[in-house]
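Data first, discussion second: the structure below is written as structure tokens.
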Amino acid sequence: MDYKDYEDNEVVESQRVGFDFKGFLFKALNLWKLVLLCVGVALIVAYFINVRKQNIYRLDSLITVNNDQNPFFTANTSISFNWGGVSGKVGSILTEIKTRTHNELVIDSLEYYKQYLEEGKYHLIDIYKNAPFDVNTDKTKPQALGIPIGIKIIDQSSFELFYEFERDKVMGQFYGSKEKLLISVPLGKYSRVFNFGETISEPFFNGVVNLKPKANIPVGKTFYVKYLNFDSVVNAYKNSIKIEPTSRDASSVLTLSLIGKNKSKIVDFLNATSAILSRTELERKNLYATNTIKFIDSSLGAVNDNLKAVTDEMNDFRKSNKVFNVEEEISQKSEQLKEYDKEKLIEQSKLNYLNTLENYLRTKTDYSQIAAPSSVGVDEANILSSVSRIIALSVERRNLEYSTKEGSVLFDELDRRIDTEKSVLLEAIDVTKQTIGIQLNTISRKIANLESELIGLPKDQQEYLKIQRKLDISREAYDIYQAKKSEAAIVKAANVSDITVIDEAKDIGNAPIGPKKSLNYMMALMIGFFSPMFLIFVIYLLDSTIHGSDEIMKMSKIPILGLIGKYRYKNNLVAYEKPKSAVAESFRAIRSSLQFIFKNNPSSTRANTLMITSSVSGEGKTFSSINIATVYAISGKKTLLLGLDLRKPKIFGDFNITNDKGIVNYLIGDSELDEIITNTHIENLDLITSGPIPPNPSELLMSDNLKELIGKLKEEYDMIILDTPPLGLVTDALELVQYADATVFMVRLDYTKKGMLQLVNAKYKSGELKNISFVLNFYRHKSNHNYGYGYGYGYGYGYGYGVYGNAYHEKDKRSLFGKVKNFLKRL
């Protein structure tokens with residue numbers, strides 16, 4: 001092999017290994033009906049999905065977060081509690097709106113765990129407020145979950161309650177405690193008539209069905225009531241509700257939005273969310289004042305009891321002693337004592353509060369219940385600010401518990417800040433207690449000095465002054481606590497929520513945002529197109545068979561001698577019995593092409609010898625041998641068809657003869673030449689069958705007897721056709737090459753493997769096969785597949801005679817079923 005042959009071989013190999021995009025494209029175009037079918041099916045599926053899906057809507061509302069101080073807040077009261085600015089409130093609201101606690105309040109208030117349904121075209125539709133009745137649920141008894149209980153209106157006063165149970169146990173839930181349990185139900189069909197307003201107490205349904213006033217009663221129509229798992233409903237809305245700032249410039253203005261299938265339910269949920277959020281925020285804002293009022297009430301009770309006791313003591317003293325007047329000097333000292341006692345009472349109240357606060361901080365973990373220091377007159381700035389901050393941090397931690405798992409680093413950070421603030425507060429309390437202790441000692445000394453000056457008075461006067469002082473102190477303490485309580489109550493009453501609804505949610509005819517029908521159709525179009533294309537691509541990659549003449553031209557330099565179309569007939573004698581068929585014309589074309597080969601390679605004997613082989617069985621080797629021999633015989637050439645496929649003989653069946661005697665008998669010396677030659681019913685065509693299958697076919701074909709036989713036959717015949725074994729399975733065909741003037745290698749399209757052509761190429765390159773040509777069997781002309789040689793050559797014989805020449809050639813008449821079957825095979 002010279003350099004040019006080596007270069008050509010490299011080109012062939014590169015063309016064979018590389019991906020043939022053009023071939024893949026033509027393969028896809030050939031299967032355009034499959035692609036179109038898949039696209040059509042996908043669009044039909046998309047259509048049914050679109051018509052079955054309910055419309056999806058999105059509605060929203062606007063709220064604003066303000067930082068309003070209480071109008072009655074003063075530096076002296078310090079009862080109104082500020083969260084720490086608007087930004088802190090916004091962050092808290094963004095967190096709270098997604099908490100389970102908040103959404104439980106909303107779902108419970110709206111009873112969204114209960115659905116009113118009616119039959120739609122494809123499924124049950126949630127009609128919410130459009131049902132003509134309301135179900136007053138008994139929350140102390142269980143309701144069956146996930147069961148659409150039928151309510152068929154019989155008349156204006158009664159209805160039928162029905163359901164068919166497939167099992168005797170269903171899951172139920174108490175909507176009061178939210179507890180779930182298995183409940184027993186009647187197996188099979190349940191049906192019972194009730195009156196509107198009648199209490200229903202069944203294992204699976206407990207409540208009262210009431211007609212709505214002025215509702216249109218659709219007699220005979222069926223509705224359904226379905227109870228859902230409370231936790232599942234809460235979780236669904238918790239994940240669906242969206243809240244975000246309207247813009248960066250207006251971070252305190254928030255947009256609440258929700259997506260759902262029923263616009264009325266969306267509107268009610270958004271508005272209820274805003275209302276409950278505002279109410280919760282106000283309760284939290286009033287927490288400081290509420291705790292202060294509770295603290296004052298607890299202290300006021302003890303003061304009131306003490307005041308009553310001292311008043312009774314004074315009354316008893318007056319009854320048992322005469323009323324007398326105290327001297328002016330003594331009266332002044334008594335008033336001074338009363339002032340000192342008042343100061344001592346105030347300082348003692350502060351000390352008691354600080355002791356209580358210190359004990360609370362050391363024994364409790366929730367610091368949100370601390371009362372206002374100003375309620376007892378503590379005005380130390382450090383204590384006031386520390387209490388405010390520690391309450392704010394405690395509230396923030398409590399909110400975080402609803403949305404964050406325990407153990408999170410967020411809790412660690414908050415706990416560190418709380419501990420730091422608590423340490424600062426405890427130090428401030430300790431310093432303040434020392435200061436108050438010093439003031440109490442000073443006041444006590446002053447009181448002791450004044451009391452010593454009154455020792456000289458008569459005993460009854462001393463007793464009177466003593467009781468009067470206690471009475472004045474009790475009255476003063478009672479008045480102080482009442483004033484503080486009133487102050488706290490005013491602050492609480494004057495508080496307003498810092499959350500204001502700017503724009504309530506409202507159904508103003510919002511268009512649905514889904515289902516996105518155009519997107520579904522687009523997705524269907526893409527899936528319908530790319531799915532078969534991907535399938536075709538995979539099949540194309542895995543396909544190792546030859547489909548067209550273009551592939552052969554890329555893989556081999558061996559020329560293509562002719563094309564034989566697919567033709568259904570009862571036997572292999574097509575060229576003889578159907579001489580006007582396109583297949584018969586193809587064999588005549590092959591005969592003409594062979595003449596050029598024989599002229600270029602003239603035989604030294606009378607006869608030209610043609611060997612016909614293939615890679616494996618089933619590629620049309622015997623079919624072609626019989627018909628090529630037939631067309632030569634019909635042309636007047638004395639032709640012999642010699643069956644040399646000793647392993648799997650076939651040619652005898654089409655001529656209605658037996659295979660009892662043949663070339664095997666001659667080669668083993670069992671028969672003479674005249675005994676094995678059969679004259680067929682076709683003029684000029686003789687036949688030698690292979691005979692019985694021998695145990696050593698290769699040895700027989702290599703014997704000198706065969707060489708001698710071929711030599712005799714070449715003297716008697718004009719054309720000898722050798723029907724040989726497949727080249728790809730056994731080596732017998734290679735032994736017969738020496739007797740052939742030309743060789744035809746049969747390639748059956750959509751059947752012969754590409755690897756077999758590599759074997760033929762190797763034999764051709766090595767010189768083992770000479771004057772070899774390809775004949776394509778089962779050829780179907782497809783201009784989108786057989787470009788190049790297949791188009792030019794196939795047009796003349798396949799298309800010209802097979803289509804344009806239909807008026808000349810006989811038609812292949814097939815039934816409608818046959819055509820459908822053929823189409824499916826092509827796919």
Which residue out of 587, 530, 534 is open to solvent by less than 10 Å² (accessible area, probe 1.4 Å) and modelled with pLDDT of 90 or more? 587
Which ones in region 454-488 are at pLDDT 75 or above, surrounded by fewer than 16 Cβ atoms within 10 Å (Cβ to Cβ) and either in contact with a strand residue (DSSP E or B) (Cβ under 9 Å, 6 or more places away or on another chain) or acidic (Asp, Glu) (or both)? 479
Which residues, taken from region 101-126, are open to solvent by 40 Å² or more (accessible area, probe 1.4 Å), charged (D, E, K, R) and at pLDDT 90 or above? 104, 108, 111, 118, 119
Please give the number of the condition residue 560 fails out of (1) open to solvent by less than 60 Å² (accessible area, probe 1.4 Å); (2) at pLDDT below 90. (2)
Residue pairs qualifying under the 7 Å Cβ cut-off, at least six apart or on distinct chains, with the first in region 744-756 being closer than 28 Å to residue 596 by Cβ and the second being open to solvent by less than 60 Å² (accessible area, probe 1.4 Å) and of a type in the set (Lys, Arg), are 746/621
In region 742-758, what count of residues is obtained for those that are open to solvent by 30 Å² or more (accessible area, probe 1.4 Å) and assigned to a loop (DSSP other than H, G, I, E, B)? 2
Somewhere in region 384-392, is a residue modelled with pLDDT under 75 and out of contact with any Ser or Thr (no Cβ under 6 Å at 6 or more places or on another chain)? no
Single residue of region 494-506 satisfying the filter (open to solvent by less than 70 Å² (accessible area, probe 1.4 Å) and not β-branched (Val, Ile, Thr)) that is nearest to the chain's Cα centre (by Cα): 505
Does region 350-359 include one or more residues that are under 30 Å from residue 464 (Cα atoms) and surrounded by fewer than 20 Cβ atoms within 10 Å (Cβ to Cβ)? yes
Residue 209 out of contact with any helix residue (DSSP H, G or I) (no Cβ under 9 Å at 6 or more places or on another chain), more than 25 Å from residue 272 (Cβ to Cβ) and among the aliphatic types (A, V, I, L, M): no
Cross-chain or 6+ apart pairs with Cβ under 7 Å, region 519-536 first and under 14 Å from residue 36 (Cβ atoms), then basic (Lys, Arg) and part of a helix (DSSP H, G or I): 536/27
Under 7 Å between Cβ atoms, which residue pairs at least 6 apart in sequence (or on different chains) link something in region 565-590 that is among the charged types (D, E, K, R) with a partner that is modelled with pLDDT of 90 or more and surrounded by fewer than 18 Cβ atoms within 10 Å (Cβ to Cβ)? none
Taking residue 787 as the residue in question, decide whether it is modelled with pLDDT of 60 or more, within 19 Å of residue 554 (Cβ to Cβ) and part of a loop (DSSP other than H, G, I, E, B). no
Please tell me if residue 39 is modelled with pLDDT of 50 or more and touching a Phe, Trp or Tyr at 6+ places or on another chain (Cβ under 9 Å). yes
Within region 164-212, how many residues are without any contact (Cβ under 8 Å) to a residue 60 or more places away in the chain and at positive phi? 3
Conditions (1) open to solvent by 10 Å² or more (accessible area, probe 1.4 Å); (2) under 27 Å from residue 764 (Cβ atoms); (3) part of a helix (DSSP H, G or I) -> residue 594 fails only (1)
Keeping to region 127-149, report how many residues are among the polar types (S, T, N, Q) and open to solvent by 30 Å² or more (accessible area, probe 1.4 Å). 3
Given (1) within 55 Å of the chain's Cα centre (by Cα); (2) modelled with pLDDT of 75 or more; (3) hydrophobic (A, V, I, L, M, F, W, C), index of the condition residue 491 fails: (2)
Those residues of region 730-741 which are touching a residue at least 60 places away in the same chain (Cβ under 8 Å) and either of a type in the set (Gly, Ala, Ser) or open to solvent by 40 Å² or more (accessible area, probe 1.4 Å) (or both) amount to 733, 740
Condition check for residue 616: open to solvent by 10 Å² or more (accessible area, probe 1.4 Å), in a loop (DSSP other than H, G, I, E, B), over 23 Å from residue 680 (Cβ atoms) and among the aliphatic types (A, V, I, L, M): yes
More than 30 Å from residue 51 (Cα to Cα), in contact (Cβ under 8 Å) with a residue 40 or more places away in the chain and acidic (Asp, Glu), is that true of residue 498? yes
Residue count for region 568-578, restricted to those that are farther than 16 Å from residue 746 by Cα and open to solvent by less than 60 Å² (accessible area, probe 1.4 Å): 5
Between 770, 765, which is in a helix (DSSP H, G or I) and either open to solvent by 30 Å² or more (accessible area, probe 1.4 Å) or of a type in the set (Gly, Ala, Ser) (or both)? 765
Taking region 152-205 on its own, how many of its residues are of a type in the set (Gly, Ala, Ser) and surrounded by 15 or more Cβ atoms within 10 Å (Cβ to Cβ)? 1
Note on region 245-266: residues out of contact with any helix residue (DSSP H, G or I) (no Cβ under 8 Å at 6 or more places or on another chain) and open to solvent by 60 Å² or more (accessible area, probe 1.4 Å) are 246, 248, 249, 261
Considering region 415-425, residues that are touching a Leu at 6+ places or on another chain (Cβ under 6 Å) and open to solvent by less than 80 Å² (accessible area, probe 1.4 Å), and then whichever is farthest from residue 352 (Cα to Cα), we arrive at 418
Scanning region 632-652 for residues that are surrounded by 24 or more Cβ atoms within 10 Å (Cβ to Cβ) and among the hydrophobic types (A, V, I, L, M, F, W, C), the one farthest from residue 700 (Cα to Cα) turns out to be 633
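The values are calculated or read from the model by the stated rules, or taken from the named source; none is laboratory data. This one's a predicted model, so the numbers in the text were calculated from it and none came from an experiment. Virtual Cβ from ideal backbone geometry, glycine too; neighbours counted across all protein chains shown. In case anyone asks, the SASA skips ligands and DNA or RNA and just uses the protein heavy atoms, side chains included. Shrake-Rupley method; radii C 1.70, N 1.55, O 1.52, S 1.80 Å.
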